[in-house]
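*Asks:* One structure follows; several queries about it will come next.
The values are calculated or read from the model by the stated rules, or taken from the named source; none is laboratory data. This one's a predicted model, so the numbers in the text were calculated from it and none came from an experiment. Neighbour counts are summed over all protein chains in view; Cβ atoms, including those assigned to glycine, are modelled from backbone coordinates with ideal geometry.
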């Protein structure tokens, strides 16, 4: 037997029409990624029964659910479906805003084992979180957290399944591909060494008696939070923290071909932060946590505008 090689694992997905059901003769989209730990989470219960010989009496299998992360690098067009599922919305004239329409997908992992092939599939999968990280001189990281209903495995492909090749667009990097990164609403926008953004749907699981897998998932509040690490060149950002000022955060990611995403958070509060006395040989930096909230003019907390070259 041949051990499966991690460098040859294919990850592919397809949006579902019916939650929890993979479409027949599916046209899978192959996904670019770095690594993934998505799996069936098995829940067990160990009854605390007393035995005179002090042994564990039994271990009970009580349920299943699907969860994990898919970690990647952001590139144009690669994760547009996933972003729509994350935002619970759809792209409209190349603009995506957070909404309330739940969307799911089926995910398939293909493992090559010499002459054999194993398939692990997950259904009813929702995108719960995205951790986006922009750090000077590094590629832009995009790590997705997902939750699903059920999973299965097989040694044969789904009848009639096809696979669309993965995108080939250039990975965005925070050294050359970030433009117009700025806070508006203060006089002097600070220079940033890094910026993190967490988008969280706060999805929760609904369990019922008599069913092994989750009955369904529910949507919690859409929250956008993060931390900006800025150089301390003036007190403007510090005053915005102290005065609880409304600011806007925006940035543009453009690749070498001219494809771009524009991120807009029109209403943001800077939650904390102040200049530390750090000592010799290092700059003074402000780590400022922030959170976006609803902006009535755009009817959203966060929007993304895409533009193809």
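*Asks:* Do you know which residues across the stretch 76-105 are assigned to a strand (DSSP E or B) and within 16 Å of the chain's Cα centre (by Cα)?
*Replies:* Correct list: 96, 97, 105.
*Asks:* Checking residue 110 against (1) closer than 30 Å to residue 289 by Cα; (2) touching a strand residue (DSSP E or B) at 6+ places or on another chain (Cβ under 8 Å); (3) surrounded by 18 or more Cβ atoms within 10 Å (Cβ to Cβ): exactly one of these is not met. Which one?
*Replies:* That leaves (1) as the condition not met.
*Asks:* Quick one: residue 67 ticks every box in (1) outside any loop (DSSP other than H, G, I, E, B); (2) more than 21 Å from residue 125 (Cβ to Cβ) except a single one, so which number is it?
*Replies:* (2)
*Asks:* Cβ-Cβ distance below 6 Å, separation of 6 or more or different chains: which pairs start in the stretch 237-248 with a residue that is closer than 16 Å to residue 295 by Cβ and end on one that is in a strand (DSSP E or B) and modelled with pLDDT of 95 or more?
*Replies:* 246/267; 247/268; 248/266
*Asks:* Right, here's the next one. So which residues in the stretch 1-24 are over 18 Å from residue 118 (Cα atoms), part of a loop (DSSP other than H, G, I, E, B) and touching a strand residue (DSSP E or B) at 6+ places or on another chain (Cβ under 8 Å)? It would help to see each step written out before you state the result.
*Replies:* First pass over the stretch 1-24, keeping only residues over 18 Å from residue 118 (Cα atoms): 14-21, 23-24.
Retained after the next criterion (residues that are part of a loop (DSSP other than H, G, I, E, B)): 16-21, 23-24.
Hits for the stretch 1-24 are 16, 19, 20, 21, 23.
*Asks:* Does residue 122 fit the bill of being within 16 Å of the chain's Cα centre (by Cα), under 20 Å from residue 16 (Cβ atoms) and not in a loop (DSSP other than H, G, I, E, B)? If you could, list the steps in order and put the result at the bottom.
*Replies:* On the way: within 16 Å of the chain's Cα centre (by Cα): no; under 20 Å from residue 16 (Cβ atoms): yes; not in a loop (DSSP other than H, G, I, E, B): yes.
Against the criterion (within 16 Å of the chain's Cα centre (by Cα), under 20 Å from residue 16 (Cβ atoms) and not in a loop (DSSP other than H, G, I, E, B)), residue 122 does not qualify.
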